[in-house]
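The values are calculated or read from the model by the stated rules, or taken from the named source; none is laboratory data. Here the structure is a predicted model, which means the values were calculated and not measured. Neighbour counts are summed over all protein chains in view; Cβ atoms, including those assigned to glycine, are modelled from backbone coordinates with ideal geometry.
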Amino acid sequence: MEKLLQGKRAIVTGGNRGLGFAIASALAIDGAQVMLVARTSPQLNAAAAQIREVGGIATHFAADITDPASAEAIVQATLNELGGVDILVNNAGIFVWKRFLDLPRQDFERSIALNLAAPFHLSQAAARIMVRQGQGGSIINIASIHGKFADPNTVAHCASKFGLIGLTRATAEALREYSIRVNALCPGAIESNSADRRAASPREKVTQADLATLCVYLASDLSNSITGAAIDVPGSTHTVIKI
């Protein structure tokens, strides 16, 4: 039986560990060839090797995605290694928890650079290749529940993730005519080290496996009619104040 992503080529940022590795592994298990991107080569090499050990196809490229010039380099490396780009998962990000009045400028600027500017540059570079290929594609942005609900202690995170949802919806409209779908996942608190299990109920934290499964769906032809969506995955995280 053919796998859902057979023949697809995917880029996953932050793919060397945690949620990014869970997503990359799930894409590879369902047939995609995966390019893992992060800053550190040793971790990337180990992550790619783990995926290959279970029969997946994976390679890697070390880059600091906060450098706008890295987007073209990442996409070119993927073309060289895998022959094309069909899927982009903008997963890499930073979470800063600080009181607004104590928030350093560098933390705010780093959040915008990593959580918002990097996805823009990578989406643009990858979309240009997808348009040239003429076969559509899927871009998935890992946003956050804090992209929809404000929190006084996560101002930098909220600003960047609200922006990422806006980027998702605007680029979905810009790329609709090319059959390139752009969607976002908005998770609540994520259970660490949970790539091998799913949440049993909405009373538990979202797991990495839950989100990885959704990425496979959004990357596949099963979701051909879905674009511009920002899908809430709260798990046990409350989106309203309980009294």
Handout entry: Of all residues making up segment 180-192, the number that are more than 19 Å from Ala26 (Cα to Cα), part of a loop (DSSP other than H, G, I, E, B) and not aliphatic (A, V, I, L, M)
Key = 1
Handout entry: Failed item, numbered, when Leu88 is tested on (1) more than 15 Å from the chain's Cα centre (by Cα); (2) within 20 Å of Val182 (Cβ to Cβ); (3) not basic (Lys, Arg)
Key = (1)
Exercise for the section: Please verify whether segment 144-163 includes one or more residues that are surrounded by fewer than 16 Cβ atoms within 10 Å (Cβ to Cβ), at pLDDT 95 or above and either touching a His at 6+ places or on another chain (Cβ under 8 Å) or more than 23 Å from Arg17 (Cα to Cα) (or both). Expected result: no
Problem - Candidate set: segment 77-117, residues that are touching a His at 6+ places or on another chain (Cβ under 7 Å) and either surrounded by fewer than 23 Cβ atoms within 10 Å (Cβ to Cβ) or without any contact (Cβ under 8 Å) to a residue 24 or more places away in the chain (or both); chosen: the one nearest to Met130 (Cα to Cα) - result: Phe95
Practice task
Mind listing just one residue for me: the one in segment 28-63 that is among the polar types (S, T, N, Q) and within 17 Å of Ile87 (Cα to Cα) and, of those, surrounded by the fewest Cβ atoms within 10 Å (Cβ to Cβ)?
Solution key: Thr59
Handout entry: Hey, Arg198 under 20 Å from Asp30 (Cα atoms) and of a type in the set (Lys, Arg) or not
Key = yes
Practice task
With the condition kept exactly as written, say whether any residue in segment 193-216 is farther than 14 Å from Ile145 by Cβ, in a strand (DSSP E or B) and of a type outside the set (Val, Ile, Thr).
Solution key: no
Exercise for the section: Please work out if Glu72 is under 20 Å from Val182 (Cα atoms), of a type in the set (D, E, K, R) and surrounded by fewer than 24 Cβ atoms within 10 Å (Cβ to Cβ). Expected result: yes
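Counting just the residues of segment 222-243 that are in a loop (DSSP other than H, G, I, E, B) and of a type in the set (Ser, Thr, Tyr), which one comes out modelled with the lowest pLDDT?
Across segment 222-243, the extreme among qualifying residues is Thr239.
In segment 180-221, which residues are among the charged types (D, E, K, R) and at pLDDT 90 or above?
Scanning segment 180-221 gives Arg181, Glu204, Lys205, Asp210, Asp221.
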Exercise for the section: Examine segment 210-231 for a residue that is within 30 Å of Val131 (Cβ to Cβ), surrounded by fewer than 17 Cβ atoms within 10 Å (Cβ to Cβ), touching a Cys at 6+ places or on another chain (Cβ under 8 Å) and not basic (Lys, Arg), and state whether such a residue exists. Expected result: yes
Practice task
Please name all residue pairs, on different chains or six or more residues apart, with Cβ atoms under 6 Å, provided the first residue is in segment 27-46 and is touching a residue at least 24 places away in the same chain (Cβ under 8 Å) and the second residue is among the acidic types (Asp, Glu).
Solution key: Arg39/Asp64
Exercise for the section: Quickly run through segment 101-143 and pick out the residues that are β-branched (Val, Ile, Thr) and either farther than 23 Å from Ile226 by Cβ or out of contact with any Pro (no Cβ under 8 Å at 6 or more places or on another chain) (or both). Expected result: Ile112, Ile129, Val131, Ile139, Ile140
Practice task
Please indicate, with yes or no, whether at least one residue in segment 164-179 is of a type in the set (A, V, I, L, M), part of a strand (DSSP E or B) and modelled with pLDDT of 95 or more.
Solution key: no
